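The values are calculated or read from the model by the stated rules, or taken from the named source; none is laboratory data. This structure is a prediction, so every number in the text was calculated from the model and none was measured. Because the Cβ atoms are built from the backbone with ideal geometry, glycine has one as well, and the counts that use them run over all protein chains shown.
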């Protein structure tokens, strides 16, 4: 209905649509109207006071009111619009919120999760997995074809360290019983001293040169890691269209270096090779070390070029931690200098850190690794315990899993992705307040109401009139859903969906407590509201990667 008000204003005011949408307000109280347009910005042009302008506009609007607007009133410097509740309710409740959005013919590639092989799936990679998955779903809801890529950290100097440590202290027995744990132990041990740095660099040099022994070790460690990671992805209910890694581009980096040289961008510097981005404020980027080994920037350039060739994307999103911001700005900057206009279609969707209860970053280097498998297991067990304490023991395992994941996913996604956040399991699992379980409970409550009477829609027989503020507030909140989904895509901000779902659930629960659904003349109308709420919040939660429960 907002679009009707905007169109009416646009016909009389010399502002564009976007300006009007930005200015239009929702009054704090329903008796002040449903929308309010401030006239302060017109005072200078029209050389009248805002109050006079508001009065003049109100008189003009009255003569041309569309049927959707019941009346307009001037109040101080504002023009207040009162929409026809019956027409509005019919429009909102009549929409098919569950329909599939038609593809818009454009493709988006999303780089997400990206754990490091031969290391535990740490809690830090969970953010990229959860946020990236939600962004992918939001893009799909906006009509894009989405390709989700898990780009593993499976190459680089750290593998020289792991291989060196394995050759010195590795145990076949420990590797067979707990491969990732043992490799992590070795990695921490060799990082505790710089005594073996030269040996580690040599081992990586041999790996890049195709040394048979080192390559066999690397492949073995990679396969062991993938098996472990897949168990976590299965539990999370998250899948990928492609699983690749930095190693995929080992044979493509020479071509990148050659192209940089041909285009006059490669500079020799103390035996190493760099690209100078000082002119755009991004410093000098190391492309190849003096010993001939490559770096992240080299591989990421090769990766971007390859993905454009394979997928011909319209947009590529890298859901990676904020600590990599400079790196991606440099990679995108080099691609622009290489003459690739599509570099402007590359986006770094940065996220902040998960923090420990002491407010400090989790760190594998200091041996304080938080294992994702253990975290998930802990949350599932706590959810299970909560259900058992309430005597809810039917289908216990699956319900505990869904509640646990709703708690974790929502506990993360309700925050601005760029902010750091404390990972607090007990707070996430609460059934009260701004939490995932609260949203699941709200959905289950709506399902329970409809299940009691074996609900079938009678929308065509409903009289959309004579309803109260609680009903109207919920209908208005439902109406915002499509706009929120669009805005969430534009900003790549799942928190907009999460916050909307919480506000929607609050309005539903206020409606539920204040408006008896079953019985009385309003039963059919209120049941229709419950059903549409149920459809919308389910779709909203799905965009967050959260599976609903019909019973809690």
Which one of these is over 13 Å from residue 440 (Cβ atoms) and touching a strand residue (DSSP E or B) at 6+ places or on another chain (Cβ under 8 Å): 492, 527, 504, 543?
492
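Of 123, 163, 131, which residue is in contact with a strand residue (DSSP E or B) (Cβ under 6 Å, 6 or more places away or on another chain) and crowded, with 22+ Cβ neighbours inside 10 Å? Don't jump to the end; show me each part of the working.
Working: 123 fails: crowded, with 22+ Cβ neighbours inside 10 Å; 163 fails: in contact with a strand residue (DSSP E or B) (Cβ under 6 Å, 6 or more places away or on another chain).
Result: 131 is the single residue among 123, 163, 131 that is in contact with a strand residue (DSSP E or B) (Cβ under 6 Å, 6 or more places away or on another chain) and crowded, with 22+ Cβ neighbours inside 10 Å.
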Could you please let me know if residue 162 is part of a helix (DSSP H, G or I), closer than 30 Å to residue 482 by Cα and assigned by TED's automatic domain parsing to the domain that holds residue 295?
no
Can we say residue 534 is modelled with pLDDT under 95, surrounded by 20 or more Cβ atoms within 10 Å (Cβ to Cβ) and within 21 Å of residue 90 (Cβ to Cβ)?
no
Do the conditions hold for residue 184, that is, is it touching a strand residue (DSSP E or B) at 6+ places or on another chain (Cβ under 8 Å) and at pLDDT below 95?
no
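Does segment 482-505 contain at least one residue that is farther than 23 Å from residue 130 by Cβ, under 25 Å from the mean Cα position of the chain (by Cα) and crowded, with 19+ Cβ neighbours inside 10 Å?
Here is the first cut: in segment 482-505, the residues farther than 23 Å from residue 130 by Cβ are 482-483.
So of that shortlist, the ones also under 25 Å from the mean Cα position of the chain (by Cα) come out as 482-483.
Retained after the next criterion (residues that are crowded, with 19+ Cβ neighbours inside 10 Å): none.
There is no residue in segment 482-505 that is farther than 23 Å from residue 130 by Cβ, under 25 Å from the mean Cα position of the chain (by Cα) and crowded, with 19+ Cβ neighbours inside 10 Å.
Would you check if there is a residue in segment 57-74 being modelled with pLDDT under 90, outside any loop (DSSP other than H, G, I, E, B) and loosely packed, with under 15 Cβ neighbours inside 10 Å?
Just the residues of segment 57-74 that are modelled with pLDDT under 90, to begin with: none.
Within segment 57-74, none of the residues are modelled with pLDDT under 90, outside any loop (DSSP other than H, G, I, E, B) and loosely packed, with under 15 Cβ neighbours inside 10 Å.
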In segment 319-328, residues that are in a helix (DSSP H, G or I) and either under 18 Å from the mean Cα position of the chain (by Cα) or free of Cβ contacts under 8 Å to residues at least 40 places away in the same chain (or both) total 6
Select, from 317, 287, the only residue that is at pLDDT below 95, assigned by TED's automatic domain parsing to the domain that holds residue 136 and surrounded by 15 or more Cβ atoms within 10 Å (Cβ to Cβ).
287
If a residue must be touching a strand residue (DSSP E or B) at 6+ places or on another chain (Cβ under 9 Å) and assigned to a helix (DSSP H, G or I), how many such residues does segment 231-241 contain?
1
For the structure I just gave you, tell me whether residue 197 is under 14 Å from residue 168 (Cα atoms), without any contact (Cβ under 8 Å) to a residue 24 or more places away in the chain and out of contact with any strand residue (DSSP E or B) (no Cβ under 8 Å at 6 or more places or on another chain).
yes
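Rundown of residues vs (1) under 17 Å from residue 156 (Cα atoms); (2) without any contact (Cβ under 8 Å) to a residue 60 or more places away in the chain; (3) part of a helix (DSSP H, G or I), yes/no style:
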residue: 243; (1), (2), (3): no, no, no
residue: 251; (1), (2), (3): yes, yes, no
residue: 267; (1), (2), (3): no, yes, no
residue: 274; (1), (2), (3): no, yes, no
residue: 287; (1), (2), (3): yes, yes, no
residue: 291; (1), (2), (3): yes, no, no
Scan segment 7-15 and tell me whether some residue there is modelled with pLDDT of 90 or more, touching a helix residue (DSSP H, G or I) at 6+ places or on another chain (Cβ under 9 Å), in a helix (DSSP H, G or I) and within 20 Å of residue 486 (Cα to Cα).
yes
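From the list 549, 518, pick out the single residue that is in contact with a helix residue (DSSP H, G or I) (Cβ under 9 Å, 6 or more places away or on another chain), surrounded by fewer than 21 Cβ atoms within 10 Å (Cβ to Cβ), not in a helix (DSSP H, G or I) and not assigned by TED's automatic domain parsing to the domain that holds residue 476. Spell out the reasoning first.
On the way: 518 fails: not assigned by TED's automatic domain parsing to the domain that holds residue 476.
So the residue among 549, 518 that is in contact with a helix residue (DSSP H, G or I) (Cβ under 9 Å, 6 or more places away or on another chain), surrounded by fewer than 21 Cβ atoms within 10 Å (Cβ to Cβ), not in a helix (DSSP H, G or I) and not assigned by TED's automatic domain parsing to the domain that holds residue 476 is 549.
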If we scan segment 138-148, do we find a residue that is touching a helix residue (DSSP H, G or I) at 6+ places or on another chain (Cβ under 6 Å) and under 17 Å from residue 225 (Cα atoms)?
no
Any idea how many residues of segment 231-273 are at pLDDT below 95, under 19 Å from residue 130 (Cβ atoms) and surrounded by fewer than 15 Cβ atoms within 10 Å (Cβ to Cβ)?
3
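Provide a single number: the residues in segment 23-64 that are within 21 Å of residue 479 (Cα to Cα) and either in contact (Cβ under 8 Å) with a residue 12 or more places away in the chain or out of contact with any strand residue (DSSP E or B) (no Cβ under 7 Å at 6 or more places or on another chain) (or both).
Step one: filter segment 23-64 for residues within 21 Å of residue 479 (Cα to Cα), giving 23-37.
If we keep only those that are either in contact (Cβ under 8 Å) with a residue 12 or more places away in the chain or out of contact with any strand residue (DSSP E or B) (no Cβ under 7 Å at 6 or more places or on another chain) (or both) as well, we get 23-25, 27-37.
Residues in segment 23-64 being within 21 Å of residue 479 (Cα to Cα) and either in contact (Cβ under 8 Å) with a residue 12 or more places away in the chain or out of contact with any strand residue (DSSP E or B) (no Cβ under 7 Å at 6 or more places or on another chain) (or both): 14 in total.
If I filter segment 86-111 down to residues being surrounded by 20 or more Cβ atoms within 10 Å (Cβ to Cβ) and out of contact with any strand residue (DSSP E or B) (no Cβ under 6 Å at 6 or more places or on another chain), which single residue comes out as nearest to residue 41 (Cα to Cα)? Quick ask: steps written out before the conclusion?
Going through segment 86-111, the residues surrounded by 20 or more Cβ atoms within 10 Å (Cβ to Cβ) turn out to be 88-89, 92-93, 108-111.
From what's left, out of contact with any strand residue (DSSP E or B) (no Cβ under 6 Å at 6 or more places or on another chain): 88-89, 92-93.
Numbers: 88: 29, 89: 32, 92: 32, 93: 35 Å.
Going through the qualifying residues, I end up with 88.
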Taking the condition outside the structural domain of residue 408 (by TED's automatic domain parsing) and farther than 23 Å from residue 157 by Cα, does residue 223 pass?
no
Which residue out of 331, 310, 347 is part of a helix (DSSP H, G or I) and either out of contact with any helix residue (DSSP H, G or I) (no Cβ under 6 Å at 6 or more places or on another chain) or modelled with pLDDT under 95 (or both)?
310
